[in-house]
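Structure first, then comments.
The values are calculated or read from the model by the stated rules, or taken from the named source; none is laboratory data. Quantities reported herein were computed from a predicted structural model and do not represent experimental measurements. Cβ sites come from the backbone with ideal geometry, for glycine too, and all protein chains shown count toward neighbours. Just so you know, the surface numbers come from the protein's heavy atoms only, side chains and all, with ligands and any DNA or RNA stripped out. Shrake-Rupley method; radii C 1.70, N 1.55, O 1.52, S 1.80 Å.
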Amino acid sequence: RQHGSIIFNGDSYSAAWHQEAKRRGLPHYRTTVDALPALVSPESVATFGAYQVLSRRELESRRDIYLERYVNDIAVESRLALRMARTLILPAAMDYQTRLASTAQTLRALKKPHCTTVLDELSRPMAQLQKAIGQLAAVIDHKTRGDVLADARYARDRILPAMERVRSIADTLETLVADEHWPLPT
């Protein structure tokens, strides 16, 4: 009875739970970066300290280590996403675009320009991908400030959305590029 407000047997990721947690007065952290500062909240420090599990400094150390790992993991993943987009996805789409352009040119010579719409469909997301690659490269080049929480927030707010944009466009291209040209498992 004393701790019943924290028990929930449903989907903790659903919007319904978010509303229910708010109704129960429970904190709701949407991201790791939002949640980790709670590790050094006065309540956490008091609880860990009362049972001599961890001191405030040990909790701060853990928070900082988790935040640093978060930043480093996103840095590695973002560089990989950028490299894959630049060296696998874009070149594959360009090869397919070249093939379609050749076909379109032949069809136009045969007075069948209505059969070239796939080339137009492919060109839009390719232009979007090139722009998204540039944006991802720009946010990756951000220099850390030595404030691990600020760096983690930057990774969450700037790098992750840029990675998501590249991934989303790549997903679209995957549905347009012929399988024989696509360099990744589908």
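Overview of values
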item: Segment ALA178-ASP34, length gained on full extension (0.36 nm per residue, minus Cα span); result: 47.7 nm
item: Choice from ALA104, ALA75, ALA137 with maximal GNM fluctuation in the chain (Cα, 10 Å cutoff); result: ALA104
item: Solvent-accessible area of ARG124 with every protein chain in place, 1.4 Å probe, in Å² to the nearest 10; result: 150 Å²
item: Dipole in debye (nearest 20) - the chain, about Cα centre, beta carbon charges: Lys, Arg +1; Asp, Glu -1; result: 360 debye
item: Distance (nanometres) between label positions extended 7 Å along Cα→Cβ at ARG79 and LEU26; result: 3.9 nm
item: Per residue, the convex hull volume that the Cα atoms of region 1-78 enclose (Å³); result: 123 Å³
item: Segment ILE6-LEU149, extension gain: residue separation times 0.36 nm, minus the distance between their alpha carbons; result: 48.8 nm
item: Label-point gap, in nm, between TYR51 and ASP95 - each point 7 angstrom along Cα→Cβ; result: 5.7 nm
item: Region 33-83: relative contact order in percent, alpha carbon pairs under 8 Å with at least 6 residues between; result: 33 percent
item: Solvent exposure of the chain as accessible area per residue, Å², 1.4 Å probe; result: 67 Å²
item: For the chain, built as a Gaussian network whose Cα springs stay under 10 Å, the top-fluctuating residue of ALA16, ALA92, ALA50; result: ALA16
item: Sequence-separation-based contact order of region 1-109, relative, with Cα cut under 8 Å and 6+ spacing, percent; result: 14 percent
item: With every protein chain in place, region 58-126: carbon and sulfur % of accessible area (1.4 Å); result: 53 percent
item: Candidates ILE65, ILE159, ILE89: whichever shows maximal mean-square fluctuation once the chain is modelled as a Gaussian network with Cα springs under 10 Å; result: ILE65
item: Dimensionless Rg over Rh [the chain; C-alpha; Kirkwood]; result: 1.18
item: Acute angle (nearest 10 degrees) that the helix 15-24 long axis makes with the longest principal axis of the chain, alpha-carbon atoms; result: 20 degrees
item: Rounded tilt (10° steps) of 117-140 against the dominant C-alpha axis of the chain; result: 40 degrees
item: Over the chain, relative contact order from alpha-carbon pairs under 8 Å, at least 6 apart, %; result: 25 percent
